[in-house]
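Peer 1: Handing you this structure, nothing more for now.
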Amino acid sequence: MNRKKKVNQILKSRAKKKSAKLKTSNKPKYISKADRAKMALEAEQGINAENTDVASVSVENVNDAQQDTAVEEAESNA
């Protein structure tokens, strides 16, 4: 009886190991601390670049709007 039990135990463990290999994990891939810091720095630089682009565009729009109002005022006064 012990021999049968041992054989069954071995076969069950082998089957468990095979099924565990086939199972895919939902766990996200590990990203090292250095890589996370690098990604955060790149994202921050990207955000800063976008903000400077938006700021320069909005400054240009404000300047254009001020010039337009100045031209309109000059035309209405003339």
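The values are calculated or read from the model by the stated rules, or taken from the named source; none is laboratory data. All of these numbers come straight from a predicted model, not from anything done at the bench. Glycine also receives a Cβ, built like all others from the backbone with ideal geometry; neighbour counts cover every protein chain displayed. Note: areas computed on protein heavy atoms with side chains; ligands, DNA, RNA excluded. Shrake-Rupley method; radii C 1.70, N 1.55, O 1.52, S 1.80 Å.
Peer 1: With the requirement that a residue be open to solvent by less than 90 Å² (accessible area, probe 1.4 Å) and either in contact with a strand residue (DSSP E or B) (Cβ under 6 Å, 6 or more places away or on another chain) or modelled with pLDDT of 95 or more (or both), what does the stretch 1-31 give you?
Peer 2: Of everything in the stretch 1-31, those that are open to solvent by less than 90 Å² (accessible area, probe 1.4 Å) and either in contact with a strand residue (DSSP E or B) (Cβ under 6 Å, 6 or more places away or on another chain) or modelled with pLDDT of 95 or more (or both) turn out to be 7, 8, 10, 13, 15.
Peer 1: Being surrounded by 10 or more Cβ atoms within 10 Å (Cβ to Cβ) and of a type in the set (A, V, I, L, M) is the filter here; which residues of the stretch 32-41 pass it?
Peer 2: Correct list: 37, 39, 40, 41.
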